[in-house]
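First up is the structure itself, then whatever we jot down about it.
Only the coordinates and a few stated rules stand behind these numbers; no lab work does. Treat the numbers as computed from the prediction; the structure is a model and nothing was measured. Cβ placement follows ideal geometry from the backbone for every residue including glycine, while neighbour counts extend to all protein chains displayed.
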Amino acid sequence: MTSDLPSLTQSAEWRALQNHATAISGLHMRDMFARDPKRFAQFSLREGSLLLDYSKNLITAETIKLLVDLALVRQVPQRRDAMFSGARINTTENRAALHVALRNRAEGRGLVRPVIIDGVDVMGDVLHTLMRLREFSESVRDGSWTGSTSKPIRHIVNIGIGGSHLGPMFVTDALKDYQRDDLSVAFVSTLDRTQIDDVLKSRDPATTMFVITSKTFTTVEAMSNAAIAREWISSSLGEHAIPRHFAAVSTNHRATTEFGIPAASVFPMWDWVGGRYSVCSAIGLPIILACGFDTFDCFLSGAHAMDLHFEAAPLEQNMPFLLAMLGIWYAEFFQAPAMAILPYDYRLKLLPFHIQQVDMESNGKCTTLAGTPVETHTGPIVFGGGGSDSQHSFFQFLHQSPRLIPCDFIAAIKTRRGADPSRDVLLANCFAQTEALMKGRMISELQHIPEELRRHRAFSGSRPTNTILLDSLTPIALGQLVALYEHKVFVQGAIWGLNSFDQWGVELGKELAKSLEPAVSGAELLAERDSSTAGLVAAYLEAKRRSV
Ligand code: F6P
């Protein structure tokens with residue numbers, strides 16, 4: 001495996017795909033279906049609890065073959081194997097990217113496969129941490145861990161941002177049917193104090209536990225909310241109460257100790273787990289407290305099952321690989337600027353936000369692993385929302401905009417809440433939308449309406465969708481789904497030759513905010529700044545002056 005891959009766009013495999021795209025772009029997907037009644041069977045795949053239907057794509061068997069050829073020349077299997085082996089593939093930070101170790105587990109009666117970094121098997125630490133998480137969460141949930149006034153904990157408030165927020169919040173919400181009614185969980189992330197004030201308003205300090213999830217324990221949003229929470233507890237229960245009302249997940253043990261959290265309530269992170277890939281680590285503590293350790297353990301098993309599939313399945317039948325290459329196909333050869341994630345399940349409504357970070361923070365980059373400018377657009381704009389609601393907001397764009405937006409539709413067949421006739425209607429809508437996007441409606445089919453309206457009422461169709469059907473929204477299926485998108489993003493990064501595990505693009509804004517703070521608070525005069533920034537600061541200070 002090498003970081004200086006030859007040119008992507010000059011490769012014979014790329015050119016073959018370009019030619020193929022030109023040849024295929026004249027075809028309509030509805031004709032592809034009409035010609036081949038077995039298209040669904042050919043272009044669908046089952047893996048565990050997930051069924052992927054990718055037949056409603058502008059592809060033929062030849063497309064898949066050419067996409068596999070491109071992946072081979074971009075060394076995708078070698079990069080995947082390097083990730084699983086613990087190699088330091090995050091080269092700009094000199095780190096491994098080993099989120100797969102977090103859910104690595106024994107098969108049958110066998111031993112857990114070792115995962116080695118620099119000669120050390122990290123599985124000892126991983127398993128030990130899981131055991132500690134089990135013990136800690138059980139003591140909180142069964143009431144044997146009490147607050148400083150001996151009352152059991154009834155409210156969990158997670159404080160974190162980015163990967164220490166979006167993943168745990170999404171999974172906790174998705175598994176709401178596995179939660180107990182007598183333990184509430186809330187998530188606080190932003191610098192806007194309104195959020196934490198709203199959360200604390202309805203909580204009793206004596207029965208509240210804060211979990212500070214921050215890999216670095218320096219992130220300004222997390223630290224500022226942690227300070228507010230600390231003050232809220234100490235002013236009401238006294239300073240001595242802090243150890244009973246705070247737990248933390250971090251790599252920065254000095255900072256957690258200084259904050260006053262005893263080592264027994266601090267759970268480790270490792271530099272080889274990226275924030276947006278950390279939902280399977282101790283960062284999942286709010287999930288565990290809300291849903292119980294066994295539920296979280298099933299979630300990890302699901303993610304592990306997808307890891308095994310990603311590692312071993314031939315590329316042509318490899319779910320993350322296929323999703324990734326279909327994304328490349330449209331982004332590069334059909335100029336699709338974005339992709340939409342559309343869950344048809346209320347419990348999956350936060351999935352688009354989690355995947356947005358996983359994808360856009362990983363592959364929104366303009367420099368390759370070799371340090372050269374990228375040759376193409378790289379990662380897509382990822383957006384989405386609950387399918388039912390989105391049908392009545394941005395679906396118009398998906399159906400009739402000249403821009404092509406490939407979509408992932410995601411639905412669960414069963415829920416834990418039992419038989420529900422309204423789900424039939426929900427799923428009918430999900431399937432119908434993919435059908436409408438695929439088929440369209442030609443002007444020739446609109447002879448019964450006035451001529452001047454026909455163009456307005458026509459649909460081009462031939463718009464690509466994937467449908468991912470979960471047998472049931474179980475923790476296992478959810479783990480599979482999360483790992484599916486993580487690996488999809490990894491494959492795309494490998495095709496573009498990116499390091500998908502750093503995020504230097506978030507640094508400049510953080511730095512400038514820090515340097516602006518003294519001026520915005522009025523403590524210092526604003527030093528040399530552009531006229532727009534200076535004008536905004538002046539307007540803010542002036543308004544503040546007027547309001548006092
Ligand atoms: O600002 C980006 C980022 O570094 C994310 O990658 C990360 O998930 C988030 O901030 C939070 O970081 P931490 O867990 O260190 O508070």
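A few remarks follow.
- 0 to 90° range, to nearest 10: angle between helix 61-73 axis and the chain longest Cα axis: 50 degrees
- Paramagnetic label zone (point 7 Å from Cα along Cα-to-C-beta, Ala513; backbone N under 18 Å) in region 380-404: none
- When the Cα positions of Gly479, Gln396, Ser7 are compared along the charge dipole of the chain, Gln396 comes out farthest toward the positive end, with charges on each C-beta of Lys, Arg, Asp and Glu.
- Length gained when the stretch Leu127-Ala523 is fully extended (0.36 nm per residue, less Cα-Cα span): 137.7 nm
- Per residue, the convex hull volume that the Cα atoms of region 10-77 enclose (Å³): 88 Å³
- Taking the longest Cα principal axis of the chain as reference, the axis of helix 475-496 is set at about 70 degrees.
- Between Leu536 and Lys38, the modelled label-to-label distance comes to 5.9 nm, taking each label 7 Å out from Cα in the direction of the beta carbon.
- Percent RCO, i.e. relative contact order, over region 406-548, from Cα pairs under 8 Å lying at least 6 residues apart: 23 percent
- Restricting attention to the chain, close to 30% of DSSP beta bridges with both partner residues there are antiparallel.
- Phi angles of region 445-451 translate, via the Karplus equation with coefficients 6.51, -1.76, 1.60 and θ = phi - 60°, into HN-Hα couplings of 8, 10, 5, 7, 10, x, 4 Hz per residue; Gly and Pro are given as x.
- For the chain, the Cβ-based charge dipole about the Cα centre amounts to some 800 debye (Lys, Arg positive; Asp, Glu negative; other atoms uncharged).
- Inter-centroid distance (Cα atoms) of region 136-159 relative to region 285-319, Å: 27 Å
- Set of lysines near Lys65 by C-alpha distance (under 28 Å), chain-local residues within fewer than 8 positions excluded: Lys38, Lys56, Lys365, Lys439, Lys488
- Under-5 Å amide H pairs with Arg95, H placed in peptide plane, nonlocal only: Asn90
- The mean sequence distance of close C-alpha pairs (under 8 Å, at least 6 residues apart), as a share of the length of the chain, puts its relative contact order at 19 percent.
- Folded to 0 to 90 degrees: helix 12-24 orientation relative to the chain principal axis, Cα: 60 degrees
- Note on region 267-327: Cα-only Rg and Dmax are 14.3, 40 Å.
- The charge dipole of region 1-121, taken about the Cα centre with unit charges on the Cβ atoms of Lys, Arg (+1) and Asp, Glu (-1), comes to about 340 debye, rounded to the nearest 20.
- Distance violations [Cα-Cα > 20 Å] among Lys176/Lys349; Lys151/Lys176; Lys215/Lys510: Lys151/Lys176
- Estimated dipole of region 508-547 in Debye, rounded to 20 [Cβ of Lys and Arg +1, of Asp and Glu -1, Cα centre]: 200 debye
- Each of Met319, Met83, Leu437 was placed along the dipole of the chain (beta-carbon charges, centred on the mean Cα), and the one lying farthest toward the positive end is Leu437.
- Each of the peptides 305-318, 157-170 was scored by the mean count of other Cβ atoms within 10 Å over its residues; in descending order, highest first, they stand as 157-170, 305-318.
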